[in-house]
1. Collect the residues in the range 345-373 that are assigned by TED's automatic domain parsing to the domain that holds Asp53 and more than 28 Å from Thr262 (Cα to Cα), keeping them in residue-number order.
2. Counting only residues that are among the polar types (S, T, N, Q) and touching a Leu at 6+ places or on another chain (Cβ under 7 Å), which one in the range 1-58 is surrounded by the fewest Cβ atoms within 10 Å (Cβ to Cβ)?
3. Among the residues of the range 322-342, what is the count of those that are surrounded by fewer than 20 Cβ atoms within 10 Å (Cβ to Cβ) and assigned to a helix (DSSP H, G or I)?
4. Which of (1) without any contact (Cβ under 8 Å) to a residue 40 or more places away in the chain; (2) in contact with a Cys (Cβ under 8 Å, 6 or more places away or on another chain); (3) not hydrophobic (A, V, I, L, M, F, W, C) does Thr199 not meet, given it meets every other one?
5. Condition first: closer than 18 Å to Val10 by Cα and either among the β-branched types (Val, Ile, Thr) or in contact (Cβ under 8 Å) with a residue 12 or more places away in the chain (or both). Now tell me which residues in the range 55-82 satisfy that.
6. Tally time: how many residues in the range 112-160 are in a loop (DSSP other than H, G, I, E, B) and in contact (Cβ under 8 Å) with a residue 12 or more places away in the chain?
7. Just to be sure, is Phe11 under 16 Å from Phe369 (Cβ atoms) and touching a Lys or Arg at 6+ places or on another chain (Cβ under 9 Å)?
8. Report whether or not Ile84 is within 21 Å of the chain's Cα centre (by Cα) and surrounded by 13 or more Cβ atoms within 10 Å (Cβ to Cβ).
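The values are calculated or read from the model by the stated rules, or taken from the named source; none is laboratory data. Here the structure is a predicted model, which is why all the values come from computation and not from measurement. No Cβ is skipped: glycine too gets one built from the backbone with ideal geometry, and neighbour counts run over all protein chains shown.
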Amino acid sequence: MFSLSNTELVFEGRSNASLRYESFILFILSKKMLAKSLILFSIFAKRLKIFRDFPGKLLVKQFFSHNSIDELKGISTENFHNRILSCILPVSSGNGSAVNLLSDLANDKYDIPGLEFLFLNVDDYIEPRILSLVSNDGFLNQVDKKAFQSFTDYVDTLCEIASRNNKSIILYTANFAGFSAIHAIAIDLMQRYNTQKVTVFLLFHLCHLNSQNRIVDLVRRGSSQGFTPGIAIAKYLTTEYVNKKFVDNSHNDSSCHGFNQTKRVFYEVTKFLLNNIDHVSALLISHNPDNILYLTSLMEGCGVGYSNKNVTFLQRYGMAKSLTLNLANRGYNVATIIPHGNLTDTLRWMHRLYGFDPSLPNILTEQRFAILRELNRRKFEN
């Protein structure tokens, strides 16, 4: 029976001291309020030049690639040697660096081993307000129309470059009220770039009220129109976060399921995708061991092989090593999501992540427990 408990493989070559240190950092990060306070302190201390990188770098250095292509290549090369693909997520403060980086990576400028996927957070490229207006057929002034057209032109060009270089673009937004606009853009791109191979993916948050219907409709549309839908799924983004961040909560796209309903949708959607896996390419983002074991069991029940090219598991870099390496070692397709940017932007991203993903403390606790299990294994082995 497939197990995720092999810690010897995961932490091979690591000293006991380094594992104890990582366990201590994970303990701090698993305490949500403490972690968020330290992250905010790090951002302000760096801005005021009180401390340069302390304590921020200690908190997040194991979860991201600093502003260095060589470091990014090093992480991706290590991944590749372990049969793990790389998915790069630029974290940016909106200064245009993410635009240039994505274009260069899509064009394979840096020849990074195992680079397969690129995350495009549309909120970094266009105001959520404009997407909300487009989604609701609202009035766009000339400036907004120009901004929206520039955005769609950029995404189209990026997908065309990615298609030529066998890379895939994952579109996502945290702005539920603007999701309808991104959904329409993604379908148009898939119709043009997903006929021979899958270049364009759209990330669905399963707590979103319409996520299940949209996914089913997209798969059926792909089958009838001759393209392969690229569908990425994740469970997080809470009702509390949506209600706090976005004013238009009366709009259907800005409403969320509760926990139990989201869990039910997860089971139904994954079963639907795996039963139709010949007609869809699925990226399954999960850091929950129980969900991973459910999915691997479901794959077996649906007759989907370990290495089926249409199924890939994704976890964030450094946050679920025991899941990632054990899946890859068993032969499943796996990729890690690698945030890439400077320290301040990464700290901001990490701070937002505590709001996006309510399970983050549990994810970090699970990673810490994996380390403690390995330390105990070594203790009794000796």
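1. Ile371, Leu372, Arg373
2. In this case the residue turns out to be Asn16.
3. Looking only at that region, the number is 2.
4. Status for Thr199: all satisfied but (1).
5. First, pick out the residues of the range 55-82 that are closer than 18 Å to Val10 by Cα: 62-63, 74-82.
Across the range 55-82, the qualifying residues are Gln62, Phe63, Ile75, Ser76, Thr77, Asn79, Phe80, Asn82.
6. 7
7. So Phe11 passes the test.
8. Judged against the criteria, Ile84 is a match.
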